[in-house]
Amino acid sequence: MYYQRPAQTAALVEGNLAAKDLAEALQLAGFSLPSLYGDFPTLTDGALVHLGGASAEVVRELAAWIRERV
């Protein structure tokens, strides 16, 4: 049985909130990353966000959009 420490639980919640925040911001810009979610911390108890799951086309469009605005 796996026991989750309170710090890990808090980090997972924070990661999910950060992922939701980014998803909403990306949606405003016309982008979607379908596999965007908070992830369990690994070596540290810090919050993590899994950013994978986007096609190369979407990633390139997002990169171009960011470059145009920097």
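The values are calculated or read from the model by the stated rules, or taken from the named source; none is laboratory data. Predicted model only: the values in this text are computed from it and were never measured. Ligands, DNA and RNA are excluded from the accessible area calculation, which covers all protein heavy atoms including side chains. Shrake-Rupley method; radii C 1.70, N 1.55, O 1.52, S 1.80 Å.
Structure values in brief
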read-out	value
In sequence order, calculated HN-Hα J values of region 15-26 (Karplus, 6.51, -1.76, 1.60; Hz; x Gly/Pro)	x, 5, 5, 5, 4, 4, 4, 5, 4, 5, 5, 5
TYR37 long-range amide H proximity, modeled H, under 5 Å	HIS50
Accessible surface, the chain, averaged per residue in Å² (probe 1.4 Å)	75 Å²
Percent carbon-and-sulfur accessible area, the chain, ignoring ligands, DNA and RNA, probe 1.4 Å	60 percent
Folded to 0 to 90 degrees: helix 56-69 orientation relative to the chain principal axis, Cα	70 degrees
Fraction in percent of alpha-carbon pairs per bin - 10 Å, the chain	21, 41, 26, 11, 2
